[in-house]
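The values are calculated or read from the model by the stated rules, or taken from the named source; none is laboratory data. Since we're looking at a predicted model, the values are computed, not measured. Positions of Cβ are backbone-derived with ideal geometry, glycine not excepted, and every protein chain shown enters the neighbour counts. Just the protein is used for accessible areas: all its heavy atoms, side chains included, with ligands, DNA and RNA removed. Shrake-Rupley method; radii C 1.70, N 1.55, O 1.52, S 1.80 Å.
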Amino acid sequence: MADLKIVGTAHVSQKSVDEVRAAIDEFKPDVVAIELDPARFSALKKQARDPTVDDVLEVKNFNSLLVQWLLSYLQRKIGVDVGVEPGAEMKAAIEEAENRGIPIALVDRDIRLTLLRFWKSMGIIEKIKMVFALIYSVAEVDNGEELDIESLKEQDVIDAVMEEFRKFSPNGAHALIDERDAYIAHQLVLLKVQRPEGRILAIVGAGHRQGITNYVENPQTLPPFDSLVKEPRSFPWAKIFGFAVTGLFAFLLAAIAFSGVGWMVLLYALLFWVIIHGVLAAVFTLIAGGHPYSALACFGVAWMTSLNPLLHAGWFAAYVEAKVRRPPVSDFRKIYEAESIREMTHIPLFKVVLVAALANLGSLLGTILYFIFVFPLLHIDPAVVISTGVHNMWTWATGLI
């Protein structure tokens, strides 16, 4: 069988760059396998086409895109602090391989699929924890918190970090680490079959080395390849919540209408729904730095989108924001090159995505607050109104039979 060597690296370590060059020089591989997919390979070599704002609006995956940008910013800031750009060891592997005429194998899963499976695998609590953890980490790095990068390649430190991550987000860790270990191992096993007499050097992140090694040494434990490349189908909790809100709102209006408290109360219940959702969605749009036109559009549609699980107020706000700001194609690269979060928030494309995410958050908060405060605002007793309304509805319905 082929001779396989796996080198674990830290993605922002100068020592890792030197280790990669030394490994290629000493091992003299017939193929260099690197932990990249075609999209990231092209991006690293600056050959990829930057997505346009239309691409971003079409996908509508605003929350996961924000998480991706924050993760990239965090890695880049750490790299700047230690004087090494993120992915420098992968660049070194590519450069050495190309200079020596050694074939390169891209063995990682498509980053878009990984992020999609990562985001959809997590429940709402995990997602909230993840966002707050990212914000906290970014704040620490921006405050000059020092990190011992080389220690992140030591196996006991890796094990401790992995264990904490699994406690923090078990589903996210499975999608981001375990599945990719298995995917990369599948690719390496295939390379070994294709090159039975060859020498294969694999360059992977230190956190993946042990998992990949275990799979390669015990290929019978690998999960089916097809299970690693399917688009995830998570349980549609968001849609169920949306339909539940619609049903609850319709029931509430019917109860008020049949309770006999008067049509003005029903009119105010409708008006409060429009105002609470519209104001909160618009305010959150402005907090994100959105244009007043975007906030106005959000105010106009939030009451309606909150009743339709297939629509989101943030989509409309993002569309208007994109039309007003007109982000150039270069914005995507500027986001990845921003030196601070403040600088990032002034980039029009980032603002479009942030507006979408916060407008949706404002609308969701509006739904929660409405059901909490609607009865105090209407100055009516909910128990009396609902019980009377249900009784009168039942009497009316049975009278039709």
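For the chain, the longest principal axis of the Cα atoms and the long axis of helix 382-400 meet at an angle of about 70 degrees. V131 contributes about 50 Å² of solvent-accessible surface, heavy atoms of the protein only, 1.4 Å probe. Under a 5 Å amide H cut-off, with hydrogens placed 1.01 Å from N, E35 pairs with I203 among residues at least 5 apart or on other chains. Helix 348-378 and the longest principal axis of the C-alpha atoms of the chain enclose an angle of approximately 30°. The phi-based Karplus calculation (6.51 cos²θ - 1.76 cosθ + 1.60; θ = phi - 60°) puts the 3J(HN,Hα) values of segment 295-309 at 5, 5, 5, 5, 4, x, 10, 4, 4, 7, 5, 5, 9, 10, x Hz, whole numbers, x for Gly and Pro. Estimated at the nearest 10 Å², the accessible area of T345 is 40 Å² with a 1.4 Å probe.
By the gyration tensor of its Cα atoms, with a ≥ b ≥ c the square roots of the eigenvalues, what is the shape of segment 237-301: rounded for a/c under 1.5, prolate for a/b over b/c, or oblate? It is oblate, given that a/c is not under 1.5 and a/b is not larger than b/c.
From the square roots a ≥ b ≥ c of the eigenvalues of the alpha-carbon gyration tensor of segment 169-231, which class results: rounded (a/c under 1.5), prolate (a/b over b/c), or oblate? Since a/c reaches 1.5 and a/b is larger than b/c, the shape of segment 169-231 is classed as prolate.
Looking at segment 269-401, the accessible area is 50 square angstrom per residue; that uses a 1.4 Å probe and ignores ligands, DNA and RNA. Kirkwood radius, segment 196-238, all distinct C-alpha pairs, inverse of mean reciprocal distance: 13.5 Å. Distance between the C-alpha centres of segment 281-298 and segment 314-356: 14 Å, rounded to the whole angstrom.
The accessible surface of segment 325-382, taken with every protein chain in place and a 1.4 Å probe, is 65 percent carbon and sulfur.
Farthest towards the positive end of the charge dipole of the chain, among the residues V193, F235, M264, is the Cα of M264, using unit charges on the Cβ of Lys, Arg, Asp and Glu.
Peptide packing: for 274-280, 171-177, the average count of neighbouring Cβ atoms within 10 Å per residue gives the ranking 274-280, 171-177, highest mean first.
So what's the angle, to the nearest 10 degrees on a 0 to 90 scale, between helix 313-325 and the longest Cα principal axis of the chain? It is inclined by approximately 70 degrees.
Our compactness index for the chain, the C-alpha radius of gyration over the empirical 2.2 N^0.38 Å, is 1.23.
The GluC sites (Glu not before Pro) of segment 284-371 that DSSP puts in a loop, and whose beta carbon has at most 16 other beta carbons within 10 Å, are E339.
For the chain, the dipole from Cβ point charges (+1 on Lys and Arg, -1 on Asp and Glu) about the Cα centre works out to 1460 debye, to the nearest 20. In a DSSP loop and with at most 15 other Cβ atoms within 10 Å, the trypsin sites (Lys or Arg not before Pro) in segment 187-271 are K230, R233.
Each helix, a run of at least 4 DSSP H residues, gives -39500 (n - 2.57); summed and divided by the residues of the chain, these come to -22500 deg cm²/dmol at 222 nm.
Surface listing: H391, H208, H312, H379 arranged by accessible area from highest to lowest gives H379, H391, H312, H208, probe 1.4 Å.
Output the relative contact order of the chain, whole-number percent, from Cα pairs under 8 angstrom with separation of 6+ residues.
Worked out over the chain, it gives 23 percent.
Between rounded, prolate and oblate, where does segment 211-367 land on the alpha carbon gyration tensor, with a ≥ b ≥ c its root eigenvalues, rounded for a/c under 1.5, else prolate if a/b exceeds b/c? The shape class here is oblate.
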